[in-house]
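The values are calculated or read from the model by the stated rules, or taken from the named source; none is laboratory data. Keep in mind that this is a model prediction, so the values were computed, not measured. Cβ atoms come from the backbone with ideal geometry, glycine included; neighbour counts cover every protein chain shown. For accessibility, only protein heavy atoms count, side chains too; no ligands or nucleic acids. Shrake-Rupley method; radii C 1.70, N 1.55, O 1.52, S 1.80 Å.
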Amino acid sequence: MTLRNRMDGLFEAWGRLVYARRYLVLSLCLLSVATAATFLPHLESENSTESYLRGGDPISIEYEEFQHRFGQDDRLMVAIESPEIFSFEFLERLRALHEAAESELPDVAKVTSLINIRETRGADDALVVAGLTEKWPETEADLAELRDRVFANPLYVDNVISRDALLTTLTVEPVVYEGGNEDSETALAGFDDAGETPAEGTVRPFLPEAKKAELVEAMSLLLARHDAPGFRLHLVGSSVVAHYITEAMTSDTLRNVSVTALSIVTFLFLLFRRISGVVFPMLVVAATLILELGLMVWIGIPFSITLGMIPVFTMCVGVCCTVHILVLAYQRRATGANPEESIAYAFNHSGLAIFMTSLTTACGMMSFLTAELEPVRHMGVVAPIGVFFAFLMTMTLLPAMLGIFPLREKPRVGASLDRSRSQQVLLRVGDFAVRRPWAVLGGAAALVVFFAVGLSNARFSHEPHKWMPEGDPIRIATEMVDERLGGASTAEVVIDTGRENGLHDPEMLRRLDAAITRVEAIERGPVFVGKVVSLVDIVKETHQALNANDPEYYAIPDDRQLVAQELLLFENSGNEDLEDITDTRFQHARVTLRVPLVDAVLYDEFLEDVRAAFSGVSEQPIVLTGRSAIGSRTFGALIESMATSYLVALAVITPLMMALIGDIRLGLISMVPNLFPVLAVLGVMGWLGFPLDASSIMIGSIIISLAVDDTIHFMHRFRLDFERFGDTRAAVRETLRTTGSALLFTSLVLVTGFSVMSALGTMQNTVVFGAMSALGIGIAFISDALITPALIQLSTSSRSVSAEASASQAGSLAG
């Protein structure tokens, strides 16, 4: 008895065992699903900028240290449009909005606008640091004076007001830690004296994404109340973008699952023409999804835009597993066999193939475990879990239901399919491939060249706000702030002087000031510095205020002691702005650069220029962090993730195919139709200008993982048929006649599922991902029906294949 026969016998015995214990198996399945369902209410989403990087990434570590030391840089900005900013009506509206934001919004550390932005001045030989409108304007002259003071202060222009005085901002800074920042001693617990770095196990958790989402929702409701003609409000910020992505992802997922389920129900009914043929697969799919998502919650993986395709992917995989069992079980039942024999027959003939396809799909998806992007790595965990549960439910829940609910004898399932036009087309395609293999492979080679040229035009991108529709208010607001206020993103530079009170050194401050001047001149395409905020601003404005507000003294003092004294006076004034830009030891300085929110690919060279501009300020290395630095690192991780996942998928699946098929040559041949659709999709993306982003980089590995399923079923059946007929053409025809319809059905299910994602997707990246995945699955099916037979025909003659099949049979796992 061959290994293949023994394996088939094991699956047949399993089918009989499940039938005998069908009520127990059904009970255990339902209990497992019910337990998993209790975890679903705790499913969380995470789409923040920093969530793309793995926890141990150096950029992530530096960013966390930055937040512990200086607080949040992830602020909500309200861009306020008005033709008359310096009017009583506008200022009253702004004050009402400002006060409402301070009193009504949750988890807010600070609100800043023209109402309270600091104004440093001297009065009666004393330093006064107060809010800009602490003395409220009461006359037109007061308004004119206020306007003059605003545009005379370098801190305000391009920061809280545009140069044309038609746009101003209100900025909301969330608290750093969950539970708030009120208890400063607790918040700072775990920081050592030497460098204020957090000690392990003592640092409070940062404000979670769910709390930021609540803040964005509350802010949106608040703005809806205050928006009015002449007081147009636009919400901007990375948390806003993340919240939009989460909301769009949730609605898209629910819509995609619903429409995909409806499409699958339609296909199943057309295939089986019976209620059980629709209900049983859908119950298997539902159980699989609940188990997958429940385990996902239990192991602590949040839902993300990258995982948004998981439900549709799992549904398609689950249905494809069940179809192969149901087709054979119904066909056997139609011959008069009892339910037990029908189940045993189906498991004997398809159990091994389903196991092989599940194994290769899971291994292919596990290639994402090597990814540098955290959401992509999560795909390498969650997708194989879904494949495993789909296989498990097909092997347990499905036969239990087939055994409990009697199968009525009906005409053989697929009888009409044998005479269907689609099957006749498949047979003609197979005949053509066997008769004219060189013509088939010549055409394929020409397409390879075409797609390769397109691939050379492919580009990487990471620009989440561009995933939104062009007319979306958040996207419009982001682009408006980029254009009129110097940028909706930030780059953060941390200078370490290497010693306590190093920032009291005038020479150090002058070097820092000179570096800021250099960095203000940097421009790399669309990336430029719109505004710089640093300790230098406070030093200069304090020195000017203490010298009769004379603009000539807007400079850094020459004496170290004088710098220290003036900073102490500022600190004692009650203003807390120093906490945002330096530490309590005056060793570390924060320099915030406002930059446009653009494609992360454009930040890399810009940040290198920034690093060069600040070189020489201190003997200690500078740290570049903030949103743009995370975006730049995400872009690098994007390329690494794609390269490693594709190589790992290929390295794992190729030898696995050889082992499962039991023939090295046929195993290598079988990989060609699986690689061709990957090249085709990447080439089409290059020709159409679709970027490779955090979603689309997964397409290649997903296509390989799913396409290999059809190839395994094809090669598995072909080996059996070739042993029977001893002729390549006859074996290919029989393979397409018996297995082709099931392969066509499963491919249609997959194409439909991904097409639904594209057709109903709200975000551009989802649209592209769905369309390209559907295209890849369609090309993969055509490759199996056309290229695989041609390669088989050329690779060996009928007699040599027969001899090799017999020789390798003992070592074959698949056929």
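Structure values in brief
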read-out: Fraction in percent of alpha-carbon pairs per bin - 10 Å, segment 617-757; value: 10, 29, 28, 16, 8, 5, 2, 1, 0
read-out: Angle in degrees between helix 535-545 and the longest Cα principal axis of the chain, rounded to the nearest 10; value: 20
read-out: Rg over Rh, two decimals, the chain (C-alpha only, Kirkwood Rh); value: 1.09
read-out: Highest-first arrangement of 273-280, 219-226, 704-711, 718-725, where packing means the average Cβ count within 10 Å; value: 704-711, 718-725, 273-280, 219-226
read-out: Mean projected area in nm² (Cα convex hull; one quarter of hull surface) for segment 62-127; value: 7.4
read-out: Stretchable slack from Arg499 to Asp148, in nm (0.36 nm times residue separation minus alpha-carbon distance); value: 122.3 nm
read-out: Rough spin-label spacing in nm, given labels placed 7 Å along Cα→Cβ, for Glu483 and Thr35; value: 5.8
read-out: Solvent exposure ordering (accessible area, 1.4 Å, most first) of Thr35, Thr582; value: Thr35, Thr582
read-out: Size descriptor, Kirkwood hydrodynamic radius, that averages inverse alpha-carbon separations across segment 95-141, Å; value: 12.4
read-out: Ranked order, Ser696, Ser103, Ser32 - accessible area, probe 1.4 Å, largest first; value: Ser103, Ser32, Ser696
read-out: Tyr553, Tyr330, Tyr646, ranked by accessible area, largest first (probe 1.4 Å); value: Tyr553, Tyr646, Tyr330
read-out: Simple label model, 7 Å out from Cα along Cβ direction - Glu138 to Leu43, nm; value: 6.0
read-out: Glu102 accessible area, 1.4 Å probe, all protein chains in place, Å² to nearest 10; value: 100
read-out: Rg/Rg_ref, segment 40-88, where Rg_ref = 2.2 N^0.38 Å and atoms are Cα; value: 1.86
read-out: Compactness relative to 2.2 N^0.38 Å, alpha carbon Rg of segment 453-599; value: 1.34
read-out: Percent RCO, i.e. relative contact order, over the chain, from Cα pairs under 8 Å lying at least 6 residues apart; value: 19
read-out: The chain - percent of accessible surface contributed by carbon and sulfur, probe 1.4 Å; value: 58
read-out: Whole-number D in µm²/s for segment 681-730 (Stokes-Einstein; Kirkwood sum over Cα pairs; 37 °C, 0.692 mPa s); value: 244
read-out: Scaled radius of gyration (Cα, divided by 2.2 N^0.38 Å) that segment 20-172 gives; value: 1.73
read-out: Per-bin percent of Cα-Cα distances, segment 594-679 [5 Å]; value: 3, 12, 15, 13, 10, 8, 8, 7, 8, 7, 5, 3, 1
read-out: Nearest-10 value in Å² for the accessible area of Phe272, using the 1.4 Å probe; value: 10
read-out: Area of Arg54 that stays accessible when all protein chains are in place (1.4 Å probe, Å², to 10); value: 80
read-out: Solvent exposure of the chain as accessible area per residue, Å², 1.4 Å probe; value: 39
